Amino acid sequence: MTSNTEQQDAAVADRKLLAHSAYADGRHLAARQSLYRWQRPRYDMPGIVAEELAGTTGTVLDIGCGNGMFLGRLRQDRPDLLMVGMDISAGILANVAKPVLVGDAHALPFGDGTADAALALHMLYHVADIPAAVRELARVLRPGGVLVASTNSDTDKREMDQLWQRAAGDVLGIPEGPARVSLSSRFSLEKAPAFLEAAFSDIRVRELPGTIEVTDPAPVVAHLASYEAWAEQCGVPFRETVARAHDLVTAHIAAHGSYPITCLGGVLTCRP
C-alpha cells in the first residue's frame, strides 16, 4: 500500500501537475516568494547567487527558472553573461524575457560542457529522478564550471506546518489533521549534499536562517493557498482549511501582535 507521504512526494514531482497546474503561470510561485518580504534578516537571494558567479564568464543556464526572478536580476547586474532560462512549464515562461526554452531537467537540451555555470534554485525537489538531474547538470558544465543550487531545510517554516494541521483538524473535527504537502523534503538542505556528491566533489553550503513576522494574515494565507495544485494530496477540504488557517492567524495576531515563522534555507555551491 502506498503511504500518504509517498503519494505526496509523487505529486510534488508529477510533470503534468507541475506544468499545467502548480506552475501553469507565475501566480502561486509569486505568492510563496512574496512571504519573504517580511523575513529578518532580509536576504538578497539574486545578489547571493551573483556573488557565487563572481568568477564566472560566458554562459549560465537557469534550470527551472520559473517566473524569471533570478534571470532578470542577473541579466541586469551581469550583462556580460549569456543567461539562458529553462522551465518545464511553457505558461510560466510566457512573460520571461528570452532566451528561454521549455525543457526537462532529466534530459537537458544542451550539449556536453556547453555552460560555464548552471543554476538549480528551489527546483530539484520537483524532478522525479533527482540523481539523473544532478548528472545532467554536471554533464552540461565545462571543466571548472559551477552549479549553484538552493533549497529549504527540513525544519523550515514548521509553524506553517503546525498551522495547517491545526486548521485541518478543526475542519475535520479531530485534534490534528493531516500534514500539508512538503515541497522541499525530497531535496532538503539536509539531504541535498548526498545527492550532489555523486557528481560534484567540492560542495559548499551557506545556510540562511531567519524569522518571518507578519502583522497581517494575508501573506501567510496566500502562501498556504499557493499549494492548491496539491489539494487532492492534502487529505482535507482545501479551501475550508485555508479559511480556517486565516481565522487562526488573525486570532494569534490579535492576541500577540504578530505571527512569527522560523525559516531556514540555504545555497549550495558545487564544483565537479
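The values are calculated or read from the model by the stated rules, or taken from the named source; none is laboratory data. Since this is a predicted model, take the numbers as computed values, not measurements. Every residue, glycine among them, receives a Cβ derived from its backbone with ideal geometry; neighbour counts consider all protein chains shown.
Here are the numbers for this structure:
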read-out	value
Answer residue from the stretch 101-117, given it is of a type in the set (Gly, Ala, Ser) and assigned to a strand (DSSP E or B) and is nearest to residue 9 (Cα to Cα) among those	107
Among the residues listed as 196, 141, 119, 183, the single one being surrounded by 19 or more Cβ atoms within 10 Å (Cβ to Cβ), hydrophobic (A, V, I, L, M, F, W, C) and closer than 20 Å to residue 6 by Cβ	183
Per-region count, the stretch 71-97, residues without any contact (Cβ under 8 Å) to a residue 60 or more places away in the chain, of a type outside the set (D, E, K, R) and assigned to a loop (DSSP other than H, G, I, E, B)	5
Test: residue in the stretch 58-68 that is without any contact (Cβ under 8 Å) to a residue 12 or more places away in the chain, exposed (fewer than 15 other Cβ atoms within 10 Å of the Cβ) and out of contact with any helix residue (DSSP H, G or I) (no Cβ under 9 Å at 6 or more places or on another chain)	no
Failed item in (1) more than 22 Å from residue 192 (Cβ to Cβ); (2) more than 21 Å from the chain's Cα centre (by Cα), with residue 67 passing the rest	(2)
Meets criteria (more than 30 Å from residue 138 (Cβ to Cβ), buried (at least 16 other Cβ atoms within 10 Å of the Cβ), at pLDDT 95 or above and in contact with a helix residue (DSSP H, G or I) (Cβ under 9 Å, 6 or more places away or on another chain)) for residue 236	no
Positions within the stretch 5-44 being in a loop (DSSP other than H, G, I, E, B) and aliphatic (A, V, I, L, M), in sequence order	13, 24
Of all residues making up the stretch 238-261, the number that are more than 18 Å from residue 158 (Cβ to Cβ) and among the hydroxyl-bearing types (Ser, Thr, Tyr)	1
Pairs, first free of Cβ contacts under 8 Å to residues at least 60 places away in the same chain and over 13 Å from residue 247 (Cβ atoms) in the stretch 159-172, second acidic (Asp, Glu) and not in a helix (DSSP H, G or I), C-beta under 6 Å, six or more apart	165/176; 169/176
